[in-house]
Amino acid sequence: MRFDDIVVKAKESKKVLSVACADDDTVIKACYDAYRENLCTPIFVGDKKKIEEIIEKNGLEEGLFEIVDEKDRAIACEKAVKLVRDEKADFLMKGFVDTSVLGKAVLNKEWGLRTGNLLSHVSLFEIDRYHKPFILTDSGFIIKPDLDMKVNIVNNAVTVMRKLGVTNPKVSILAAIEKVNPDMVETVDAQNLKKMNTEGKIKDCIVDGPLSFDVTVSKESAKHKKVESDVAGDADIMVVPDIACGNIMAKTMIYWTNCKFAGVIVGAKAPVVLISRSDNEKNKMMSIAFAASIGKF
């Protein structure tokens, strides 16, 4: 499923978006743009006075959306999460609040959106030099995942890709080399993830690794390096060793290529949209559309 298809799916779903701590220019403008494109209807949760000031300052239509007034950011996150829990909204968006504060609300044992899964960040890319959209994970949430965390990261990404219509996605566990080196823990983890997939412990996908990036995206590179792999040159999901590697890769593609990009946190009962102030308008819209098309876990 390409980005144009994702937008169509989001428009058909007519989802309601709960925005935690919505008193942020970037977030509010993105929500208005998404509404104009029929991607969703937002509910703003946060400091009502500040939200209304932002709307007026930017010349946006006033009184268009419901505003739940709450100045305390932790409580605003709680109220935003509860809107999803109570089925008054379908997914979440992070506003002007630390990700850790919203994450704590999402994972609250009493009223949160826990599923038992680890939360992780998935970035969806569509880039001219690659023949299909792919997921890069985790480039925005888990700092330095261990092996168990990587299992969850793979499972979350596979669930998302299957929701996008890829029934048996190919997963590349990225590293600098294609051989296991005990001094490079990511290569050992890659070998173990591949083994878990072979043994049926990681299901509904094909996992291979360690694979370098060039082998992951190019069959010619794989042939040149004599790497035999069903994933080589045809990966649907690329799993990075840590957030530093993932974030650098993601930002490189966003800034230096003509790509389409969307990023969300998954693993809870509903996806959480995160946008950066530096994202262009198209990418902000795509993140909202991506989350709306994924739906609940």
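For residue 217, indicate whether it is in contact with a Phe, Trp or Tyr (Cβ under 8 Å, 6 or more places away or on another chain) and in contact (Cβ under 8 Å) with a residue 60 or more places away in the chain. Against the criterion (in contact with a Phe, Trp or Tyr (Cβ under 8 Å, 6 or more places away or on another chain) and in contact (Cβ under 8 Å) with a residue 60 or more places away in the chain), residue 217 qualifies. I want to confirm something. Restricting to the stretch 116-144 and keeping residues that are β-branched (Val, Ile, Thr) and closer than 16 Å to residue 273 by Cα, which single residue is nearest to the chain's Cα centre (by Cα)? Top of the filtered list is 122.
Answer yes or no: is there a residue in the stretch 191-199 that is buried (at least 20 other Cβ atoms within 10 Å of the Cβ), not in a strand (DSSP E or B) and not charged (D, E, K, R). Spell out how you get there, then give the answer.
Let us first name the residues in the stretch 191-199 that are buried (at least 20 other Cβ atoms within 10 Å of the Cβ), namely 193-194, 197.
Next, only the ones that are not in a strand (DSSP E or B) stay: 193-194, 197.
Add one more test, that the residue is not charged (D, E, K, R), and what stays is 193, 197.
Yes: the stretch 191-199 contains one or more residues that are buried (at least 20 other Cβ atoms within 10 Å of the Cβ), not in a strand (DSSP E or B) and not charged (D, E, K, R).
For the stretch 207-218, does any single residue satisfy the condition of being of a type in the set (D, E, K, R) and farther than 30 Å from residue 77 by Cβ? Yes, there is a match, as at least one residue in the stretch 207-218 is of a type in the set (D, E, K, R) and farther than 30 Å from residue 77 by Cβ.
Of all residues in the stretch 96-112, those that are without any contact (Cβ under 8 Å) to a residue 40 or more places away in the chain have Cβ atoms under 8 Å from Cβ atoms of residues that are of a type in the set (Gly, Ala, Ser) and surrounded by 13 or more Cβ atoms within 10 Å (Cβ to Cβ), 6 or more apart or on another chain, in 101/74; 104/74.
For the stretch 131-159, a residue qualifies if it is hydrophobic (A, V, I, L, M, F, W, C), out of contact with any Cys (no Cβ under 9 Å at 6 or more places or on another chain) and either under 12 Å from residue 171 (Cβ atoms) or not assigned by TED's automatic domain parsing to the domain that holds residue 196 (or both), and the qualifying residues are 134, 135, 136, 151, 153.
Table: residues versus (1) at pLDDT 95 or above; (2) among the basic types (Lys, Arg).
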residue	(1), (2)
42	yes, no
45	yes, no
66	yes, no
88	yes, yes
96	no, no
100	no, no
104	no, yes
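Is there a residue in the stretch 212-219 that is crowded, with 22+ Cβ neighbours inside 10 Å and more than 21 Å from the chain's Cα centre (by Cα)? Yes, because at least one residue in the stretch 212-219 is crowded, with 22+ Cβ neighbours inside 10 Å and more than 21 Å from the chain's Cα centre (by Cα).
Where residues in the stretch 103-151 are among the basic types (Lys, Arg) and in contact with an Asp or Glu (Cβ under 8 Å, 6 or more places away or on another chain), which of them is nearest to residue 253 (Cα to Cα)?
Residues of the stretch 103-151 that are among the basic types (Lys, Arg), as a first pass: 104, 109, 114, 129, 132, 144, 150.
Of the ones still in play, those that are also in contact with an Asp or Glu (Cβ under 8 Å, 6 or more places away or on another chain) are 132, 144, 150.
Values: 132: 15, 144: 21, 150: 23 Å.
Going through the qualifying residues, I end up with 132.
The values are calculated or read from the model by the stated rules, or taken from the named source; none is laboratory data. Please read these numbers as outputs of a predicted model, since none were measured by experiment. Note that we place each Cβ from the backbone using ideal geometry, even for glycine, and neighbour counts take in every protein chain shown.
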